[in-house]
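Each reported figure results from applying straightforward, stated rules to the coordinates on display, with no laboratory input. Just so it is clear, the structure is predicted and the values come from calculations on it, not from any experiment. Cβ: placed from backbone, ideal geometry, glycine included. Neighbour counts: every protein chain shown.
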Amino acid sequence: MGAVVFSPLRDAQAAHRIMLLSPMAGATAQQGKGIGQALIRHALARLAAEGTQIAVTYGDPAFYGRTGFCAVPAHGLGRPKPERRGLATHPRPAFLHRPAR
């Protein structure tokens, strides 16, 4: 029905564990039913329980804002570099941030 994938990010200046949400997908026939939002909330809760303090993603602020992400100015964070080679980042213009709660 859907999937969310988080990858760890490196930031030499960050004292916190940072995870990148990308990709996120849902079955077309199931979209609009809240499944993606529920998957994101569940994954973020698990990450927080495991010590993740910051999650970031690229995408639509209206969609991701429903799970606590907020837009960050372009100068606020550099382009993410996943720790595992070969992972692509989504080239959307909005960079979103969700601090741990």
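Out of all the residues in the range 3-54, which are over 10 Å from the mean Cα position of the chain (by Cα) and among the β-branched types (Val, Ile, Thr)?
THR28, ILE35, THR52 - these are the residues of the range 3-54 that are over 10 Å from the mean Cα position of the chain (by Cα) and among the β-branched types (Val, Ile, Thr).
From the list ALA49, ALA25, ALA55, ALA43, which residue is without any contact (Cβ under 8 Å) to a residue 12 or more places away in the chain and not aromatic (Phe, Trp, Tyr)? Talk me through it step by step, then tell me what you get.
Values: ALA25 fails: without any contact (Cβ under 8 Å) to a residue 12 or more places away in the chain; ALA55 fails: without any contact (Cβ under 8 Å) to a residue 12 or more places away in the chain; ALA43 fails: without any contact (Cβ under 8 Å) to a residue 12 or more places away in the chain.
The conditions single out ALA49.
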